[in-house]
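See below for the structure under consideration.
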Amino acid sequence: MNDNTSETPISTKLTLLKRIQLFSDLHKPALKKIADLLEDMEYQKGHYVFKKGDEGDAVFIITEGSVSVKDEDLVLSTLGEGDVFGEYALIDNKARSASIFAEETLRILRLDRTSFSRLLTENKEIQHGLLHLFVNRLREHDVLEKQLADQTKQIIRQKESLEELNKEKNHLMGIIAHDLRNPLSSTLSLAELMKSESENFDEDQMICINGIIKSLNRMVNMVDRILDVKALEAKQDQLNLEKVELSELIKNTYESYKSKIENKKLKVHLNLNTIHARVDRQYLLQVLENLLSNAIKFSPPGKSIFINLWIHDGKAHIGIKDEGPGISSDDHKKLFHKFQQLSAKPTGGESSTGLGLSIVKKYTELMKGNVWCESEPGKGAKFVVTFKKA
């Protein structure tokens, strides 16, 4: 440090003092008294003005050069000409919260607390000016506090309103789903019965019956998905973790979807190992059904689906990959959320409620597992679920 520097003009000092919030309301005579106390100082590049933890005893105004505000090796900010640091050291002697480092040759004006305190006791205008500042600060604080209280009340009211709407929505969903399921199931049974009597119908009539059955199955599937979500949100399902051999469950899921796979002329490649994990059998079955169903829906006829089971980092990994249209970056953000319709469409006219992947995520996380998707547009999609190996 070198304090043998040329004197800063009084006009510059007055201008700089007005930038300090503590002095912004003072008149020129009072400011001039403070300006007379300012000490010109110079620091060379690479030197510290003060370090974190030093006792605060002065305020500084930069007249030339720049400094870094540092917390150890981390640079928090940079200050330059006209900037002020250490302002509150004029009022208390708390330790500095950061270090000030000269990035280049630095000229500053220094006002120490001892000299300022002496002036403060002798000059009523400065006393009144500071009191005025503190009163304004308190008033601003009261206004902000009231605004915060009002906003908090508004948020609470909005939260209560949303909770009530959510309850009403869930209640309505339950009524609709339960009231629809019975007549749908009955109608589907009648349609299946009619189909079994095919010798009594001509070709056109059978086409109509098959169309009715297909549509009813879509509706029943949609109702089941809604009931699944409702049960999850109400936490009606009880988790039953047990040691399960995963390849057996995967094969069973594949067998239950074999007719749909054959109808679309898809090829399924199974690469399974004997691996055990601690999961809920029914939950995992639901996860696998949803993922395989999705792979079938979004696979063009004649393509392949790859189902793999492997161990990595002590965890069981189940991967189901299709050769469909893939998932865009925008759609990636919607995955695993309820009622989200993605841009990719089922390739065989199948229905999609937008609920399947949200169920997959909920069940997987309840079993302390993870799920994610790896995909690029035009390159298919691969869903992976992992569980701790048992």
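The values are calculated or read from the model by the stated rules, or taken from the named source; none is laboratory data. If you're wondering where the values come from, they're calculated on a predicted model, not measured in any experiment. Note: ideal-geometry Cβ built from the backbone for every residue, glycine included; neighbour counts use all protein chains shown.
Descriptive notes on the structure:
- Of all residues in the range 226-252, those being at pLDDT 90 or above, buried (at least 16 other Cβ atoms within 10 Å of the Cβ) and either of a type in the set (Lys, Arg) or within 23 Å of ASN294 (Cα to Cα) (or both) number 4.
- Pairs linking a residue in the range 255-268 that is in the same structural domain as LEU292 (by TED's automatic domain parsing) and small (Gly, Ala, Ser) to a residue that is part of a helix (DSSP H, G or I) and loosely packed, with under 12 Cβ neighbours inside 10 Å, with Cβ atoms under 6 Å and 6 or more positions apart or on different chains, do not occur.
- The lone exception for MET41 - which of (1) at pLDDT below 90; (2) out of contact with any helix residue (DSSP H, G or I) (no Cβ under 8 Å at 6 or more places or on another chain); (3) among the hydrophobic types (A, V, I, L, M, F, W, C); (4) surrounded by 14 or more Cβ atoms within 10 Å (Cβ to Cβ) it fails: (1)
- Any hit, the range 292-303, residues being in contact with a helix residue (DSSP H, G or I) (Cβ under 8 Å, 6 or more places away or on another chain), aliphatic (A, V, I, L, M) and under 25 Å from GLU245 (Cβ atoms): yes
- Considering only residues in the range 63-75 that are more than 11 Å from GLU103 (Cα to Cα) and not charged (D, E, K, R), the one that is surrounded by the fewest Cβ atoms within 10 Å (Cβ to Cβ) turns out to be LEU74.
- THR105 falls short of the stated requirement of being in contact with an Asp or Glu (Cβ under 9 Å, 6 or more places away or on another chain) and within 21 Å of GLN21 (Cβ to Cβ).
- Qualifying residue in the range 18-28 (condition: within 21 Å of LEU131 (Cα to Cα), without any contact (Cβ under 8 Å) to a residue 60 or more places away in the chain and not in a strand (DSSP E or B)): yes
- Breaking point among (1) farther than 21 Å from ALA30 by Cα; (2) surrounded by 12 or more Cβ atoms within 10 Å (Cβ to Cβ); (3) at pLDDT 75 or above, for ASN170: (3)
Yes/no per residue for (1) loosely packed, with under 13 Cβ neighbours inside 10 Å; (2) modelled with pLDDT under 85; (3) over 30 Å from ILE10 (Cα atoms); (4) touching a helix residue (DSSP H, G or I) at 6+ places or on another chain (Cβ under 9 Å):
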| site | (1), (2), (3), (4) |
| --- | --- |
| SER77 | yes, no, no, no |
| GLU87 | no, yes, no, yes |
| ARG96 | no, no, no, yes |
| GLU103 | no, no, no, no |
| LEU111 | no, no, no, yes |
| LYS124 | yes, yes, no, no |
| ARG139 | yes, yes, yes, no |
| GLN154 | yes, no, yes, no |
| ARG157 | yes, no, yes, no |
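- Screening LEU266, LEU284, LEU292, LEU288 for residues that are of a type in the set (A, V, I, L, M, F, W, C), buried (at least 19 other Cβ atoms within 10 Å of the Cβ), under 14 Å from ILE320 (Cβ atoms) and more than 36 Å from the chain's Cα centre (by Cα) leaves exactly one candidate, LEU266.
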